[in-house]
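Inspection log for the structure reproduced underneath, given as C-alpha cells.
Coordinate-derived values only; no laboratory data. What you are looking at is a predicted structure, and each value in this text was computed from that prediction instead of being measured. Here the Cβ is made from the backbone with ideal geometry for all residues, glycine too, and neighbour counts use every protein chain on show.
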Amino acid sequence: MCGRFASARKRQELLAEFDVQRDQVADELRPDYNVAPTKPVYAVLTRSHSPEERAGAEPAEDRGPRAERELRVVRWGLVPFWAKDASIGSRMINARAETVAEKPAFRRAFAKQRCLLPADGYYEWVTNDPKTGDPDRPRKQPYYIYREDGGVLAFAGLYERWHDKSRPDDDPAATLWTATIITTRAEDEVGRIHDRMPMVIDPGRWAEWLDPEATSPEAFRELLAPAASMHLTSHAVSTDVNSVRHNGPGLIEPLPAAAGPAGAASRGGTGEHGGASHGTHGTLF
C-alpha cells in the first residue's frame with residue numbers, strides 16, 4: 001500500500017536526474033511533503049512523438065517519429081480510458097504487482113504505458129495496540145521510509161490519458177493525464193512496518209521499464225519482484241502527516257525518540273489497492 005509520499009525535488013533536478021529529453025511541464029510543482037491521492041505529481045515516461053509534435057524543433061530531415069523521455073505533471077489516481085467519469089481515479093491509486101497484468105483497469109497501461117513517479121520517500125503506519133502497546137504513543141504511528149543515501153526513489157507506475165467527452169476534442173482541458181503506483185510485498189525491516197510497499201525501479205533499469213515497445217508481461221516479471229539492491233531506512237515522524245492540511249519539511253523530521261520497528265532495510269518495491277480513504281481532504285486516521 002502507498003497512500004502518502006514526499007516529493008520535494010525541483011523540476012530542473014528531475015530533468016537532469018532522469019535524463020529527460022522533453023520537458024512537458026507548464027507550471028512547476030511546489031515541494032510537497034504530504035502528497036495524497038488526486039494531487040498533481042511529476043511523472044517520467046517515454047512516448048513516440050509524431051513529426052507534427054516535433055516540427056520546428058530540429059532539421060526537417062530528422063523529423064520522423066521517435067521515442068523520447070519526457071517529464072510531465074499527472075494526477076495521482078488512474079482513470080482508465082474507458083471510464084465514464086474521472087471520479088474512479090480516487091480508487092485507483094495503487095496497482096498490485098501480482099495482478100496488474102490481468103486487471104481490466106490496468107492491463108492496457110501495463111502493456112505499453114509505464115512510467116516512473118519520482119519521490120523522496122513515503123509514509124506507512126504501524127498500529128499500536130492500546131492494551132499491549134505504549135499508552136503514550138498514538139494508535140497509528142507514522143513512519144517515513146527513504147533511501148539511506150538520500151537519493152531519489154523511482155516508483156514504478158502506469159499512466160493513462162482520459163478524454164472528457166463533455167468537452168470539445170480540441171479543448172486542452174478535455175484530456176486528463178493520470179497515474180497509479182505499483183506495489184509489491186515488503187520484507188525485512190520495511191515489512192515490519194507494513195506488508196506492502198511501492199515498487200522501486202533501479203536506475204540501471206529505468207530505460208527497460210519505460211520502453212513503450214516492450215509489451216510482453218513476461219518481460220517484466222523480474223522487475224515486479226521485490227528488489228534487494230535499494231537500501232532503505234526509516235524513522236518515526238509526527239502524526240501531523242495524518243492530515244493533508246499539514247505540509248512542509250517538518251513532516252519528515254524524526255521524532256526525538258524512535259517508536260516501534262524502524263532502521264535500515266534493503267528493498268525496491270510493487271502492488272493494487274483502493275485509496276478512497278486517502279483522499280485529499282480530511283484526516284487519514
FRET efficiency, residue 27 to residue 148 (Cβ-Cβ, R0 35 Å, nearest 0.05): 0.60
Computed over the stretch 144-215: relative contact order in percent, which uses C-alpha pairs under 8 Å that are six or more apart: 29
Estimated distance in nm for a label pair at residue 12 and residue 39, the labels positioned 7 Å out from Cα along Cα-to-Cβ: 2.4
Inter-label distance for residue 176 and residue 73, nm, one decimal - labels placed 7 Å from Cα along Cα-to-Cβ: 1.6
Label point distance in nm, residue 240-residue 208, each placed 7 Å from Cα along Cα→Cβ: 4.1
Ranked by how many other beta carbons lie within 10 Å on average, peptides 104-110, 88-94, 164-170 from highest: 88-94, 104-110, 164-170
